[in-house]
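The values are calculated or read from the model by the stated rules, or taken from the named source; none is laboratory data. Predicted, not measured: the structure shown is a model, and the values here were computed from it. Because the Cβ atoms are built from the backbone with ideal geometry, glycine has one as well, and the counts that use them run over all protein chains shown. The accessibility values were calculated without ligands, DNA or RNA, using every heavy atom of the protein model including side chains. Shrake-Rupley method; radii C 1.70, N 1.55, O 1.52, S 1.80 Å.
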Amino acid sequence: TTPLLATSYNNMALIYRDLKDHDLALTAQQKAIMMQKHILAPNHNQIGISYNNLALIHSDLGEYEQALAAHRKALEIQEHTFKSNHPLLATSYHNLASLCYRTDQIDSAIIYENLAYDILQEKLPDNHPHLRIIRDNFVLYYPKRAILKREASQYQLAIEDYEKAFEYGAEKGEL
């Protein structure tokens with residue numbers, strides 16, 4: 001087993017995912033991770049990237065629990081590998097936020113998205129598209145959380161979430 005072979009499996013997984021052949025993508029990604037674990041340090045960034053790719057495949061398949069586990073494993077590796085303000089951490093936080101949103105874990109989605117936003121805000125100009133995407137997500141997250149709180153008869157908290165969504169929408173100049 002060589003690093004090049006593991007990279008080849010990783011690349012094959014990406015191609016199969018693009019072709020929507022998720023079973024082959026999953027198999028190739030799992031082989032890549034298995035090989036990387038044998039030849040790389042346990043917290044090597046490439047293993048973290050591979051876990052992130054695995055999470056995306058599981059998410060495509062609607063296997064959200066497996067996707068969350070793989071995203072969290074990727075994040076765990078990246079937190080050991082990078083400084084706390086590294087842009088790849090922001091990407092991992094954003095990916096986790098998106099998945100948490102899909103699974104109605106809105107409080108977690110907001111926490112992860114805030115972590116991503118804080119990192120990117122420090123590194124990018126205010127009008128950068130990545131920051132705009134995160135602000136757009138907040139416009140989605142807060143009303144969804146408000147709906148969930150309203151359903152639980154937590155009306156004041158629901159109103160506060162709608163107000164936060166309004167603030168982010170106003171920042172974007174859409175209101």
Kindly indicate whether any position in segment 30-50 is of a type in the set (S, T, N, Q), under 17 Å from the mean Cα position of the chain (by Cα) and open to solvent by 60 Å² or more (accessible area, probe 1.4 Å). no
Within segment 69-99, which residues are over 11 Å from A116 (Cα atoms) and either more than 11 Å from the chain's Cα centre (by Cα) or of a type in the set (D, E, K, R) (or both)? A69, R72, K73, E76, I77, Q78, E79, H80, T81, F82, K83
Members of segment 35-74 that are charged (D, E, K, R) and part of a helix (DSSP H, G or I): K37, D60, E65, R72, K73
Report, by residue number, each residue of segment 92-116 that is in contact with a Leu (Cβ under 9 Å, 6 or more places away or on another chain), without any contact (Cβ under 8 Å) to a residue 40 or more places away in the chain and among the polar types (S, T, N, Q). T103, Q105, S108
